[in-house]
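Undergrad: The structure under discussion is supplied below as structure tokens; questions concerning it will follow.
We did not get these values from a lab; they are worked out from the coordinates using the rules stated. Quick caveat: nothing in here was measured; it's all calculated off a predicted structure. Virtual Cβ from ideal backbone geometry, glycine too; neighbours counted across all protein chains shown.
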Amino acid sequence: MKIQETPLKDCYIIEPTIFEDERGYFFEKFNEKKFEELTGMNGHFVQDNISKSSYGVLRGLHFQKGEHAQAKLVSCLEGGVWDIAVDLRENSPTFGQWFGIELNDENKLQLYIPRGFGHGFSVLSTTAVFSYKCDNFYNKESEGSVKFNDPDLGIDWKIEEKDAILSYKDQNAPNFKDRNF
């Protein structure tokens, strides 16, 4: 497994070492000990979530607040997504900045998103199956969101805004400047 830094503090790309032969492939998706050695970050996860979405679905930007904040390790098991992380930590040198990466079933990349970040993705393929490993349990009262098309963030979602399929909650999320995090 290789760890690459992103432009955002404490946010990492994880690239697996893939062993392929005529039977198919094998790779270690995650190793807590290696992750902690390479990043100095806690890699203990307590909840796994899977979502399936069709082209144009845009989920985000979501986060958990306070004691229920979550770090996430995300990947795309089928299809492809454009994955976005936004640093919402006010004392961070990369506060208010975002990073995007294509995660898909061919590159098998994962993105580690630390606590205090917003997260979202748009589906680029016909369908996509997306995996989230979380280091803290979900708590509905602690959920927050930031509007996907906030002009202060200027995120490129790699799909036309007219094609975006959004939940009611995501359509009505507050702007970044309203600081609900």
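Undergrad: To make sure I understand the rule: partners must be lysines, Cα under 28 Å from the Cα of LYS52, and not fewer than 8 residues away in the same chain. Which ones qualify?
TA: LYS2, LYS29, LYS65, LYS72, LYS108, LYS133, LYS140, LYS147, LYS158, LYS162, LYS169
Undergrad: Give me the Kirkwood hydrodynamic radius of the chain, using the inverse of the mean 1/r over all pairs of distinct Cα atoms, in Å to one decimal. Write down the numbers at each step before the final one.
TA: On the way: mean 1/r = 0.0600 Å⁻¹.
Answer for the chain: a Kirkwood hydrodynamic radius of 16.7 Å.
Undergrad: Next question. Using per-residue counts of other Cβ atoms within 10 Å, averaged over each peptide, order 15-21, 70-76 from highest down.
TA: Working: 15-21: 11.4, 70-76: 24.0.
Sorting 15-21, 70-76 by mean packing, highest first, produces 70-76, 15-21.
Undergrad: Can you compute the radius of gyration and Dmax for the stretch 1-72, using only the Cα atoms, both in Å?
TA: Both quantities, over Cα of the stretch 1-72: 15.4, 48 Å.
Undergrad: With θ set to phi - 60° and the Karplus curve 6.51 cos²θ - 1.76 cosθ + 1.60, what are the ³J(HN,Hα) couplings of the stretch 141-155 in order, to the nearest whole Hz, using x for Gly and Pro?
TA: Running phi through 6.51 cos²θ - 1.76 cosθ + 1.60 with θ = phi - 60° gives 5, 9, 6, x, 8, 10, 4, 4, 10, 4, x, 5, 8, x, 6 Hz.
Undergrad: Here is a further query. Name the residue farthest towards the positive end of the dipole of the chain from the options ALA71, TRP98, SER53, assuming +1 on Cβ of Lys and Arg, -1 on Cβ of Asp and Glu, about the Cα centre.
TA: ALA71
Undergrad: Contact order normalised by length for the stretch 44-178, with contacts defined as Cα pairs under 8 Å and 6 or more residues apart; what percent is it? Don't jump to the answer; show the numbers that get you there.
TA: Values: 327 pairs, mean separation 51.7, N = 135.
About 38 percent, as a whole number.
Undergrad: Give the residue list of chymotrypsin sites (Phe, Trp or Tyr not before Pro) in the stretch 122-172 that are DSSP loop and have at most 15 other beta-carbon atoms within 10 angstrom.
TA: Numbers: sites: PHE130, TYR132, PHE137, TYR138, PHE148, TRP157, TYR168; in loops: PHE137, TYR138, PHE148, TRP157.
Taking the stretch 122-172 and a limit of 15 other Cβ atoms within 10 Å, the loop chymotrypsin sites (Phe, Trp or Tyr not before Pro) found are PHE137, TYR138.
Undergrad: Same structure again: Could you go through the stretch 34-48 in sequence order and give the Karplus-derived ³J(HN,Hα) for each residue, using 6.51 cos²θ - 1.76 cosθ + 1.60 with θ = phi - 60°, rounded to whole Hz, and x for Gly and Pro?
TA: Whole-Hz 3J(HN,Hα) from phi for the stretch 34-48: 4, 4, 5, 5, 7, 10, x, 9, 6, x, 8, 10, 10, 8, 10.
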